[in-house]
Amino acid sequence: MALKRSHGFTLIEMLISMVLLMGIIAVSSFAYSQFSRFWDGRVGHFYKTFYDIRHHDIIKTAISGITPYVAFNTKGHPRYYFEGKTTGFVAVSGDSISQPGKAAVIRIFVEQNNDFSYKLVYQESPMDKQLLTRTDQAIEYTYTVVVDKQISDVEFNYYGEEKSDSSQEAYQRKVYRWFSEFNSLATMIPPEKIQLKWSANDREYHWLIELTSPIFPLSRYSTTDE
């Protein structure tokens, strides 16, 4: 009885198959690498943009929560705790970042980097551990967020009532305008709006935030004497 001879792959056929397989793997690897680079770039940019928007929205919410908080100066007179300058401001917000829905002393300001460029910084000090009672009280800021690392053309402006020096100011028409500096500790008048502009990463940012107005004017119960 004759045995059937089994046929397998020859050495040449094996070599050809391996070369073809290696070629397919090389082409597939290159295609995957290109796709992965494209995907990472698009998705990375998307998430960075999303993070920046969300990041900014949270800080804007904290600023929107600024309230006409009252503290006492060195003479024991009540004052609204707000001081706005050309490089930033300090106030009390009822909706902090570290503890949403809770009060904190907040400040946002411009700070110089080591390479002499500038960054926009947000800080807060939760009031659950340190209640603000005096205007000269030392504040320990325990939470810091860098809003933007490389900024230029920064502008802080504050909209509010212009303080009158007249003794008849109660009978005069109130005048409102924009200020580059606004010190409620001295005027006993809180701002009604904050405007913040800056440029970063070839983009321009413009925040216009309306603030909570006091229920009653503090000037009725105090004097402007420091």
Just wondering, is there one or more residues in segment 70-83 that are surrounded by 14 or more Cβ atoms within 10 Å (Cβ to Cβ), β-branched (Val, Ile, Thr) and over 18 Å from ASN157 (Cα atoms)? yes
Might you let me know whether segment 98-108 holds any residue that is β-branched (Val, Ile, Thr), out of contact with any strand residue (DSSP E or B) (no Cβ under 6 Å at 6 or more places or on another chain) and within 22 Å of GLU155 (Cα to Cα)? no
Condition (residue is in contact with a Leu (Cβ under 8 Å, 6 or more places away or on another chain), in a strand (DSSP E or B), under 19 Å from GLU210 (Cβ atoms) and aliphatic (A, V, I, L, M)) applied to segment 65-84: is it met by at least one residue? yes
Kindly indicate the residue of segment 176-216 that is of a type in the set (Gly, Ala, Ser) and not in a helix (DSSP H, G or I) and also surrounded by the most Cβ atoms within 10 Å (Cβ to Cβ) among those meeting that condition. ALA200
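Every number here is computed from the coordinates shown, using simple stated rules; none is lab data. All figures in this text were calculated on a predicted structure; none of them were measured in a lab. Using ideal geometry, Cβ is built from the backbone for each residue, glycine included, and neighbour counts are taken over all protein chains shown.
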